[in-house]
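The values are calculated or read from the model by the stated rules, or taken from the named source; none is laboratory data. Because the structure is predicted, anything quoted here is derived from the model rather than measured. Cβ coordinates were reconstructed from backbone atoms using ideal geometry, including for glycine residues, and neighbour counts include every protein chain displayed. Please note that ligands, DNA and RNA were not included when accessible areas were found on the heavy atoms of the full protein model with its side chains. Shrake-Rupley method; radii C 1.70, N 1.55, O 1.52, S 1.80 Å.
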Amino acid sequence: MADPSSYRPKPGQIPDSPGVYKFRDEHRRVIYVGKAKNLRQRVANYFQDLANLHPRTRTMVTTAASVEWTVVSTEVEALQLEYSWIKEFDPRFNVKYRDDKSYPYLAVTLNEEFPRVQVMRGAKKKGVRYFGPYGHAWAIRETVDLMLRVFPVRTCSAGVFKNAERTGRPCLLGYIGKCSAPCVGRVTPEEHRDLAEDFCDFMAGRTGTYIRRLEKDMMQAAEEMEYERAARLRDDAEALKRAMEKSAVVLADATDADLIAVAEDELEAALQIFHVRGGRVRGQRGWVTDKVEAVDTSGLVEHALQQLYGEERGDAVPKEVLVPALPEDTEAVSQWLAERRGSQVSLRIPQRGDKKDLMATVQRNAQQALGLHKTKRASDLTTRSRALEEIAEALGLDTAPLRIECYDISHLQGDDVVASMVVFEDGLARKSEYRRFQIKGFEGQDDVRSMHEVIGRRFKRYLQEKERTGEWEEQAGDTPATGPAPTGPVPAVGPTAEDAEPREDDGRPKRFAYPPQLVVVDGGQPQVAAARRALDELGIDDIAVCGLAKRLEEVWLPDDDDPVVLPRSSEGLYLLQRVRDEAHRFAITYQRAKRAKRIRTSPLDDVSGLGETRKQALIKHFGSVKKLRQATIDEICEVPGIGRRTAESVAAALASTAPAAPAVNTATGEIIEEDDGGSS
């Protein structure tokens, strides 16, 4: 560890003009690059008392062995030089955004004699027009397939193109009208380039002109009674409209803008960018970075702007850049962006309207990206071990909770009340051991009572299996040796079909026989107290219980009036959040499925032996259940796959559920409907 005073510049040696500085380590490797309006003031800040420095800054200055600087004339030049040096030296203490995936672009190779439309990844090439990036390559191909009807630009590789030139036969796209076939001379190089440029104009957002022109030509063809040509033009216009619909209008004023949002914590930050062109989202990308230097949101935004536009020129830099926080030197950054675009660039924070709403969407994407990144990080064994140790320490457990079970209650205004149980072992989800429950002990909405019932049912089953397999000795009065006798009533509700589980070959259950070291419930003090009470009633006192409240992410323990507050950067808190969120997801998925099943119930569900395929065939044949109810048995038999016995069962089932309780004439098979006025 170096002493910063050993390489501190002498007073007055550092100029007070704008510039860029580099810290090097003992091996002369550049470890940090920064810029400043006033080099003397900025660099001197690094050589104050180490106790006053941010921990990351302290690590950097004690790793460095020298500092040097370069004077520039303007702050914009300093910004450009800082970007160039960061790219050249890749300093370990600078924030570096890394793509969370390799994003595909829609590219048009205007640098070729016959421009080609294709999907491209990686570094951008000179003379190629790019659109995107897109989330998936298939999204690009769907858009291109629609647009080739109107702009039949070449999409084939160089090998296929040369082979077509040699044989004089175009590829399949040339035969079906989705390529103008310049390989066999159907169009001249100039005509094909015009098609490619029109394609680029449409993708850039200038869509109205082409659709209006197609509709005008369609009307003219119809007036001249060239109906086949009019139909083709109509289909072309519809194809362009469908291509436009794939990127929804988000800004009504046809704005060209990039929206940047940042989600961060103490250690990491995630960045999301939406590229809006012509009022439509044309691309999206995301970066994640470790906060290896002491940097706030404005600093993260400035680094992002450098990386995003450092290699771009012209229209690749939009007219507007919307950010969550302005860089420290907004004027210099705006001027730098304007120089790269060649015209004025507005750099600002959206305050109201559609742009603010869209920024909120980008922010949600950034939050999700950060959460996903942390979930992936949780697969690391060292991180998981640290998380379990932190939980054990925070909750006062003797050992790390290697098996954690989490419970959540879900319902819709008191209907379809269900619960979920998810299992994490060694910090990883064990989805094969998830369980779900229907609340059957009572009707209505009561999360606390529901939690008590679910915990009671789950651990009553555990005690039954433990007793059955002989894992404990029976004492006088059938009291379990592992704990005191239950002090309250054992829940009478037994395991339901949802509690059932696969069994081993010897009949022993594979799941409920294993107890957790920690039970986590979604909620605060009331839910935790209910869970603890259920365990106490069963005489179980060797399983820890805690609750995680959503509002402030506080951890609640039984009989404690104050919550345990884990640091926001705690790996233990991340693990508890993942467990809780997974239980919530599993519960709400089950609740929605039950609600959907209840809504989709049909009188045909009660017909024995009638499967889903034949139900659909009946409805398709008659058009509705009402018309099917009015049909005779002979008419029902006309449906393919429906025999007479099945038809009689269908008629009887529909008659029994008819609103007016119609009768079935067993002699003729007719369903008798009564007149509104009574019998005739």
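Within the range 506-548, the set of residues being at pLDDT below 80 and not in a loop (DSSP other than H, G, I, E, B) comprises 509 only. Among residues of the range 559-578 that are farther than 20 Å from residue 429 by Cβ, those with a beta-carbon under 6 Å from a residue that is open to solvent by 80 Å² or more (accessible area, probe 1.4 Å) at least six positions away or on a different chain give the pairs 569/266.
Listed here are the strands (runs of 3 or more DSSP E) enclosed by the range 1-77 that have at least 3 residues being among the aliphatic types (A, V, I, L, M): 30-36. Cβ-Cβ under 6 Å, sequence separation 6+ or interchain: first residue in the range 44-57 and farther than 15 Å from residue 296 by Cβ, partner surrounded by 12 or more Cβ atoms within 10 Å (Cβ to Cβ). Which pairs? Here the result reads 46/61; 47/4; 47/8; 50/58, each pair linking the range 44-57 to a residue that is surrounded by 12 or more Cβ atoms within 10 Å (Cβ to Cβ). Flag: residue 385 does not match the condition of being modelled with pLDDT of 85 or more and open to solvent by less than 60 Å² (accessible area, probe 1.4 Å). Taking the range 1-27, which residues are surrounded by fewer than 19 Cβ atoms within 10 Å (Cβ to Cβ) and among the hydrophobic types (A, V, I, L, M, F, W, C)? Answer for the range 1-27, where residues must be surrounded by fewer than 19 Cβ atoms within 10 Å (Cβ to Cβ) and among the hydrophobic types (A, V, I, L, M, F, W, C): 1, 2. Among the residues of the range 418-438, those that are among the aliphatic types (A, V, I, L, M), open to solvent by less than 20 Å² (accessible area, probe 1.4 Å) and out of contact with any Cys (no Cβ under 9 Å at 6 or more places or on another chain) comprise 418, 419.
For the range 555-581, filtering for residues that are among the basic types (Lys, Arg) and assigned to a loop (DSSP other than H, G, I, E, B) leaves 1. Selection over the range 179-216 of residues that are over 36 Å from the mean Cα position of the chain (by Cα), surrounded by fewer than 19 Cβ atoms within 10 Å (Cβ to Cβ) and modelled with pLDDT under 80 gives a count of 2. Does residue 414 satisfy the criteria of being at pLDDT below 85 and surrounded by 24 or more Cβ atoms within 10 Å (Cβ to Cβ)? Answer is no for this residue. Please give the number of the condition residue 281 fails out of (1) under 19 Å from residue 355 (Cα atoms); (2) open to solvent by 20 Å² or more (accessible area, probe 1.4 Å); (3) at pLDDT 85 or above. Condition not satisfied by residue 281: (3). Would you please name the residue that is farthest from the chain's Cα centre (by Cα), looking only at residues in the range 103-122 that are of a type outside the set (A, V, I, L, M, F, W, C) and either at pLDDT 85 or above or open to solvent by 70 Å² or more (accessible area, probe 1.4 Å) (or both)? It comes out as 113. Applying the criterion of being part of a loop (DSSP other than H, G, I, E, B) and either out of contact with any helix residue (DSSP H, G or I) (no Cβ under 7 Å at 6 or more places or on another chain) or under 30 Å from residue 570 (Cβ atoms) (or both) to the residues of the range 320-340, the residue that is most open to solvent (accessible area, probe 1.4 Å) is 324. Identify the single condition in (1) in contact with a Leu (Cβ under 8 Å, 6 or more places away or on another chain); (2) surrounded by fewer than 20 Cβ atoms within 10 Å (Cβ to Cβ); (3) among the small types (Gly, Ala, Ser) that residue 343 does not satisfy, given that it satisfies every other one. Of everything listed in (1) in contact with a Leu (Cβ under 8 Å, 6 or more places away or on another chain); (2) surrounded by fewer than 20 Cβ atoms within 10 Å (Cβ to Cβ); (3) among the small types (Gly, Ala, Ser), residue 343 misses just condition (1). Quick one: in the range 228-255, which of the residues that are in a loop (DSSP other than H, G, I, E, B) and open to solvent by less than 50 Å² (accessible area, probe 1.4 Å) is modelled with the lowest pLDDT? Here the residue is 247. Can you find, within the range 350-370, the residue that is nearest to residue 271 (Cα to Cα) among those that are open to solvent by 60 Å² or more (accessible area, probe 1.4 Å) and not in a helix (DSSP H, G or I)? If we take residues in the range 350-370 being open to solvent by 60 Å² or more (accessible area, probe 1.4 Å) and not in a helix (DSSP H, G or I), then 351 is nearest to residue 271 (Cα to Cα).
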